[in-house]
Amino acid sequence: KKKTILKTIESLWDHYYEVGSSLIKIAQAESYSYELNCLKNNKKLKMSNPLFKWLPYIDDNGIMRVQSRITNNEINRQKFTLDRINPIIMHREHHLTKLIILKYHQSQAHHNVKTVVANLLQKFFIHKIKSTVNNVIKKSCLICKISKAKPEVPSYVNQQQFEIRLVN
């Protein structure tokens, strides 16, 4: 029984990973079509391109990633996953990026921005990540909006302005 459960979990994980990577490819194609085209045709990005300084490349699965300084170190390859060494590039204003941020925020029990950023950085590269996460949480997380809401103090009307007259 345990073996069948493990096989089911493994197959679900494989399916989840395939769907997730397909969505990431679509999001990248929508946000970074020029950059993907250049990288697929082995052309260099222009220096004025925002991604130029992060040395993007396309991995074996067709996902655009950032090259990091620890990529070439064999010891680091054994310690860390590919996502941690070479994070996936996501555009900060794409809807999928916002959904991923909300998922991480909710899975962290609505913790602060720093916690969400730290966990996102283990897999994703998002330009201006702190401000992006902060904006998404402020605008989209209803639970955080409610918990941070301040009650309004009612304004009392000057009672001397009004007289109550009883009519016989």
Item to check | trypsin sites (Lys or Arg not before Pro) restricted to DSSP loop in segment 113-146 with at most 12 other C-beta within 10 Å | outcome: 128
Checklist entry - Non-local amide H neighbours of residue 67 (under 5 Å, H modeled in plane, Pro and chain starts lacking H): which ones? => result 57
Next on the checklist: For the pairs 44/138; 25/46; 43/128, flag any whose C-alpha to C-alpha distance is greater than 29 Å.
Outcome noted: 44/138
Checklist outcome for this item: For segment 22-124 the GluC sites (Glu not before Pro) that pass both the DSSP coil test and the at-most-15 other-Cβ-within-10 Å test are 93
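Values quoted throughout were computed directly from the atomic coordinates according to the rules given, and no laboratory measurement underlies them. Since the model is a prediction, treat every value here as computed from it, not as a measurement. Note that we place each Cβ from the backbone using ideal geometry, even for glycine, and neighbour counts take in every protein chain shown.
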